[in-house]
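**Q** So that we are looking at the same thing, I have put the structure below in structure tokens.
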Amino acid sequence: MTTDEAESHQKKPGQQEEASQDARPPSPEEEQLRPRNRNSAGLGLSRLFSSFLKRRSQCESNTREKEKLEDEAKAPIADPEPELRMEGEAPPDQHSVSSTEAQVVQVEKKESAEAEEEEGGQHKEADKEKGEEAVLEKEKEKKEEEEEEEEEESGPEGGSKGEKEEKVTQEEKTTQEEEAKASKAPRQPKTMQITITLLDDTLYECELEKHAKGQELFLKVCDHLNLLEKDYYGLVIWETPIIKTWMDLTKEIRRQVQGANYNFTFNVKFYPPDPAQLSEDITRYYLCLQLRKDILQGRLPCSFVTLALLGSYALQSELGEYDPEVHGSDYAKDMKMVQGQTKELEDKMMELHSTYRLMSPAQADLMFLENAKKLSMYGVDLHQAK
């Protein structure tokens, strides 16, 4: 074996080791160190290119600084555009960065100073306005004091003038109000004042709405009289002292009268053929009152004997049993049964009245009705024919 072959055998394992090392993936440390192993020509070019970029960035920063100084408060400062970097390029100059930051701080300080100056100017203006208002108020107070002093100096004459002026103004106001009232047309009242003449000649007054119907008024009267059997009664409208009409309870009252005459009478409208069938004593009492009115006004004619009998029952109903110490000798004159009542009729009435014993007023009313229903004109209501 020659020396050359031996050397080749020795080199082969070294070459294999190098090939295996080349086949292994590079470590991160090796990757960081690779750029350093560039050749000298590449390093020179990169240095020239980096110095060129530095100068260019310095020139651009100088021009930008000049533009910023010119447009300090005119436009906001924009962030610098990012520069392209090549591999192996050095970081930007720290001096240029610090100078731009310092300029930004100076601009912010100037803006804050300007804002403070504006606020101070506003406060000063507000203080000036307040001072002017205070001066005006003082001047007004001085004027008022001067006027008061002048009034005091003028004395009673000035006071009398002021009083006269006030009186004149008050009189003018009153005259104007009176004229306005007179010019207004009198309004019709929204309510009606109604007067009802009851069967015992007493008056019942009430107030109803303008559009109230007859039923409402009739119910008020019946409630006032505690009357339950209402079907026998009604309200009369007197067109003249002789002519009468019955109120229609389903219609409005104001449409059934002439003008504003709201005076009516409460009368019996239907005479029961058998008064004993009435259930309420108060109903029979008001029927007796109606028949007494009919006899007195001549609508129900009857003989002397019937008049004396009916008068005695009326005395028993009104006065109770006869008592000579209480009633006296001429008490029948107060009981008017007929026009032109005579002393003979009154004596006969008292004579019959003195004979009644243990007769209640309700029984006396029933006896009155039992005798009155036998009259020929009982329940007959005559009307004049037109």
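The values are calculated or read from the model by the stated rules, or taken from the named source; none is laboratory data. This one's a predicted model, so the numbers in the text were calculated from it and none came from an experiment. Remember, those area values only see protein heavy atoms, side chains included, never the ligands or the DNA or RNA. Shrake-Rupley method; radii C 1.70, N 1.55, O 1.52, S 1.80 Å.
**Q** Rolling a 1.4 angstrom probe over the protein heavy atoms, how many square angstrom per residue are accessible across region 200-335?
**A** I get 54 Å² per residue for this part.
**Q** Another question about this same structure. Distance between the C-alpha centers of region 316-350 and region 198-269? Whole Å please.
**A** For region 316-350 versus region 198-269, the Cα centre distance is 33 Å.
**Q** Cys206 accessible area, nearest 10 Å², 1.4 Å probe?
**A** Rounded to the nearest 10, that gives 10 Å².
**Q** Could you tell me the accessible area of Phe270 in Å² (1.4 Å probe, neighbours in place), rounded to the nearest ten?
**A** Solvent-accessible area, nearest 10 Å²: 110 Å².
**Q** Please compare each pair in Lys210/Lys269; Lys213/Lys374; Lys333/Lys373 to a cut-off of 29 Å on the Cα-Cα distance and tell me which ones are over it.
**A** Lys213/Lys374
**Q** Largest first, how would Val221, Val338 line up by accessible area (1.4 Å probe)?
**A** Val338, Val221
**Q** By accessible area of protein heavy atoms, probe 1.4 Å, what ranking do Arg284, Arg357, Arg299 get, highest first?
**A** Arg357, Arg299, Arg284
**Q** Apply the Karplus parameterisation 6.51 cos²θ - 1.76 cosθ + 1.60, with θ equal to phi minus 60°, to every residue of region 325-337 and state each ³J(HN,Hα) to the nearest whole Hz, in sequence, with x for glycine and proline.
**A** Once θ is set to phi - 60°, the couplings for region 325-337 become 5, 8, 8, x, 10, 9, 6, 6, 5, 6, 9, 7, 9 Hz.
**Q** Sort Lys54, Lys130 by accessible area with a 1.4 Å probe, largest first.
**A** Largest accessible area first, the residues go Lys130, Lys54.
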